[in-house]
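The block underneath contains the structure these notes are about, expressed in structure tokens.
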Amino acid sequence: MKIGHKPYLIFLVVAAFFLQSCSDEPQVPNTRGVYMLMDTSGTYTKELKQAQRVINYILSELGPGDSFAVARVDTGSFSEKDIVAKVTFQDRPSMTNQQKRVFRQKIDKFIKGVKGSAYTDITGGILQGIEFLNEAETGHNTILIFSDLKEELRKGYKRDIPLSLNRYSVVALNVTKLRSDNIDPREYLDRLEAWRLKVESGGGEWRVINDMARLEKILHRK
């Protein structure tokens, strides 16, 4: 071999190594997973009509291969029994449309008969959402929290648990202000900051959207 061919040979070896390294990296599916938590505590049940509109918007945006679930937040939300509706959309458009109709019917029935809960286990709901989306194996995962974000746990419940949210977006929607927040706005700001720290310490991305007109930004594939 001529000496002048060595740089070319080295280039081929490096290129082959690089391509092999890229092929060894796990491929992220180009599907979306959304898990939405609805707060059903106290007076927040009055906000569920707004949640219904959010759900209808999300249904209109999702398509074949995407997964969607809606769950209530109540006393103990780390449970599949709190999932109101769940679906992974099939490839055929006619079947997808049928799945969306059934999903809407389940949500409509739930909201018409919803009863308020005494406690608000948001952390448990997030843990259940992570479990659902991990099993769905979707590539771009979003957990929506439709709540005032005030977590109140029944005595004995333990929720000081780290959240594993790598490659997850967590979006708080319609974070209404409580009466005590009007008296001392620091309570509201501290509540938002505490959730931000909890999500980001678990590797997740945290956002707050109170203007529902901005919803279109939350479901785009990265």
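Structure summary
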item	result
Residue within region 84-94 that is at negative phi, among the hydrophobic types (A, V, I, L, M, F, W, C) and open to solvent by 10 Å² or more (accessible area, probe 1.4 Å) present	yes
Verdict on Asp121 being of a type in the set (Asp, Glu) and in contact with a Gly (Cβ under 6 Å, 6 or more places away or on another chain)	yes
Residue within region 43-63 that is of a type outside the set (Ser, Thr, Tyr), over 20 Å from Ile107 (Cα atoms) and modelled with pLDDT of 90 or more present	no
From the options Val84, Val54, residue that is among the β-branched types (Val, Ile, Thr), touching a helix residue (DSSP H, G or I) at 6+ places or on another chain (Cβ under 6 Å) and touching a residue at least 12 places away in the same chain (Cβ under 8 Å)	Val84
The one condition in (1) under 20 Å from the mean Cα position of the chain (by Cα); (2) part of a helix (DSSP H, G or I); (3) over 27 Å from Tyr157 (Cβ atoms) that Val87 fails to fulfil	(2)
Search result, residues across region 63-77 that are more than 23 Å from Glu47 (Cβ to Cβ) and either open to solvent by 50 Å² or more (accessible area, probe 1.4 Å) or in a loop (DSSP other than H, G, I, E, B) (or both)	Gly63, Pro64, Gly65, Asp66
Scan of region 101-119 for residues that are out of contact with any helix residue (DSSP H, G or I) (no Cβ under 7 Å at 6 or more places or on another chain), of a type in the set (A, V, I, L, M) and outside any loop (DSSP other than H, G, I, E, B), ordered by number	Val102
Some residue of region 115-129 being open to solvent by 20 Å² or more (accessible area, probe 1.4 Å), over 12 Å from the mean Cα position of the chain (by Cα) and of a type in the set (A, V, I, L, M, F, W, C)	yes
Residue check, Asp91 touching a residue at least 12 places away in the same chain (Cβ under 8 Å), more than 24 Å from Ser164 (Cβ to Cβ) and among the charged types (D, E, K, R)	yes
Gln98 vs. criteria surrounded by 15 or more Cβ atoms within 10 Å (Cβ to Cβ) and outside any loop (DSSP other than H, G, I, E, B)	no
Scope region 134-180; condition buried (at least 21 other Cβ atoms within 10 Å of the Cβ), under 12 Å from the mean Cα position of the chain (by Cα) and closer than 21 Å to Ile55 by Cβ; matching residues	Thr138, Asn141, Thr142, Ile143, Leu144, Ile145, Phe146, Tyr168, Val170, Val171, Ala172, Leu173
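The values are calculated or read from the model by the stated rules, or taken from the named source; none is laboratory data. Keep in mind it's a predicted model, so treat the numbers as computed, not measured. Quick reminder, even Gly has a Cβ in these numbers, built from the backbone with ideal geometry, and neighbours come from all protein chains shown. Surface accessibility is based on the protein's heavy atoms, side chains included, excluding ligands, DNA and RNA. Shrake-Rupley method; radii C 1.70, N 1.55, O 1.52, S 1.80 Å.
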